[in-house]
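Chemist: After the structure tokens below, expect a handful of questions from me.
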Amino acid sequence: GIDGERGAFGVRLEGGAEAGARRVLLAVGMVDVLPELPGLAALWGDTVFQCPFCHGHAVRGQRWAVFVPDPAMIEAAALVRAWTDDVVALTDARWEVTAELRVRLQAAGIQLDERRVVGLHAAPERSDRLGAVAFAEGPPLGRDVMLLRPPQRQTPLVAALGLAVDPMGLVVADERRQTSRPGVYAAGDLATMMQTALGGAAAGMLAAAMVIHDLTGEDYPLK
């Protein structure tokens, strides 16, 4: 937990320890709310992931599936064509694909499977790698990679601070990475949809620099 105000925050740690802080920089990321899909948890973050820019190059040319639970995600199926020619969009039987969209998918070289997904199977030789997607009916679909973007939520720590968030649930921070609560800064995935390691590192560097400027001006006011 964190309470207090700018210049005098109190931070409660596991085990009952406490610490004081003049400023707080939140860099705790987001919580992925994974669908209850058997086999997913064991594969998440390796061959099942949400960012093609982070993982795509390492699995280029392989058999990809893109989980498309609503029409808004269909663009992602076209996006991954940058890394592979073998793409299957999975609608999970949640929405009706229009005739026009079917033509566009075919023109883009994207296959379509509209069956309800019931689980993921690991590869026979590697339990940590995706091998196939299982459906409520019909045979499984052999796949090496799946792109899946689950809903996200803030950590309980961030939620308890009462910070302003945008319509996507992301913490609002200004160009100095300052949040709506004075003295609390935010960097990384909790404040952006572009969730990448390099982007998070860059935001962290900027936030740290702004904190140092803030503290220096407080300790050695020359203006």
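Chemist: Amide H neighbours of Arg181 under 5 Å, counting only residues 5+ apart in sequence or on other chains, H built in-plane at 1.01 Å?
Modeler: Ala164
Chemist: Right, another one. Quick check for me: using +1 on Lys/Arg Cβ and -1 on Asp/Glu Cβ, what's the dipole size of the chain about its Cα centre, in debye to the nearest 20?
Modeler: On the way: 21 positive and 27 negative charges, 50 e Å.
Here the size comes out at about 240 debye.
Chemist: In what sequence, highest mean first, do 68-75, 34-41 appear when ranked by Cβ atoms within 10 angstrom?
Modeler: Numbers: 68-75: 15.8, 34-41: 13.9.
In descending order of packing, they fall as 68-75, 34-41.
Chemist: I've got another one for you. Divide by every residue of the chain the summed helix terms, -39500 (n - 2.57) for each DSSP H run of at least 4, and state the resulting mean residue ellipticity at 222 nm, rounded to the nearest 500 deg cm²/dmol. Show your work: numbers first, answer last.
Modeler: Values: 6 runs with 51 residues, N = 223.
After summing the helix terms and dividing by residue count, I get -6500 deg cm²/dmol.
Chemist: Mind checking the angle between helix 197-219 and the chain's longest principal axis? C-alpha axes, 0 to 90 degrees, to the nearest 10.
Modeler: For 197-219 against the chain, the angle is about 10 degrees.
Chemist: Okay, moving on. Compute, for Arg181, the solvent-accessible surface of its heavy atoms (probe 1.4 Å) with the complete set of protein chains present, and express it in square angstrom to the nearest 10.
Modeler: It works out to around 60 Å².
Chemist: Still on this structure, I have one more. Specify which labelled value, from [x] 18.4; [y] 19.4; [z] 20.0, agrees with Kirkwood radius over Cα pairs in Å derived from the coordinates of the model shown.
Modeler: [z]
Chemist: Explain nothing, just compute: Karplus ³J(HN,Hα) = 6.51 cos²θ - 1.76 cosθ + 1.60, θ = phi - 60°, for every residue of the stretch 24-39 in order, whole Hz, x for Gly and Pro.
Modeler: 3J(HN,Hα) across the stretch 24-39, in whole Hz: 10, 10, 8, 9, 9, x, 10, 9, 7, 9, 6, x, 7, 10, x, x.
Chemist: Distance between the C-alpha centers of the stretch 21-63 and the stretch 80-113? Whole Å please.
Modeler: Each part's Cα centre sits 23 Å from the other's.
Chemist: Residue by residue through the stretch 74-85, what is 3J(HN,Hα) from phi via Karplus (6.51 cos²θ - 1.76 cosθ + 1.60, θ = phi - 60°)? Round to whole Hz and write x for glycine and proline.
Modeler: Taking θ as phi minus 60°, the curve returns 5, 4, 4, 5, 6, 4, 6, 4, 5, 10, 7, 9 Hz for the stretch 74-85.
Chemist: Could you order peptides 193-200, 142-149 by the average number of other Cβ atoms within 10 Å of their residues, highest first? Could you put the intermediate results ahead of the total?
Modeler: Values: 193-200: 13.6, 142-149: 21.4.
Result, highest mean Cβ count within 10 Å first: 142-149, 193-200.
Chemist: Calculate what fraction, in whole %, of the accessible area of the chain sits on carbon and sulfur atoms when a 1.4 Å probe is rolled over the protein chains. Mind showing how you got there, number by number?
Modeler: Details: 6930 of 12320 Å².
Answer for the chain: carbon and sulfur cover 56 percent of the accessible area.
Chemist: Still on this model: Highest mean first, how do 183-191, 202-210 rank when packing is the count of other Cβ atoms within 10 Å averaged over residues? Could the numbers behind the result be given before it?
Modeler: Values: 183-191: 24.3, 202-210: 16.4.
Taking the mean over residues of other Cβ atoms within 10 Å, the ranking is 183-191, 202-210.
Chemist: If you don't mind, another one. For Trp64, tell me the accessible area in Å² from a 1.4 Å probe, rounded to the nearest 10.
Modeler: Approximately 0 Å² of Trp64 is accessible to the 1.4 Å probe.
Chemist: Where in the stretch 158-183 does the amide nitrogen come within less than 20 Å of the point 7 Å from the Cα of Glu5, taken along Cα to Cβ?
Modeler: Those under the cut-off are 160-164, 178-183.
Chemist: Hey, quick one: spin label on Ala82, modelled 7 Å out along Cα-Cβ, who in the stretch 23-52 has an amide N within reach, i.e. under 13 Å?
Modeler: Residues 51-52 qualify, since their backbone N sits under 13 Å from the label point.
The values are calculated or read from the model by the stated rules, or taken from the named source; none is laboratory data. As the structure is a computational prediction, the values presented were derived from the model and not from experiment. Positions of Cβ are generated from backbone atoms using ideal geometry, with glycine treated the same way; all protein chains shown enter the neighbour counts. Calculation scope for accessible area: heavy atoms of the full protein, side chains included, ligands and nucleic acids excluded. Shrake-Rupley method; radii C 1.70, N 1.55, O 1.52, S 1.80 Å.
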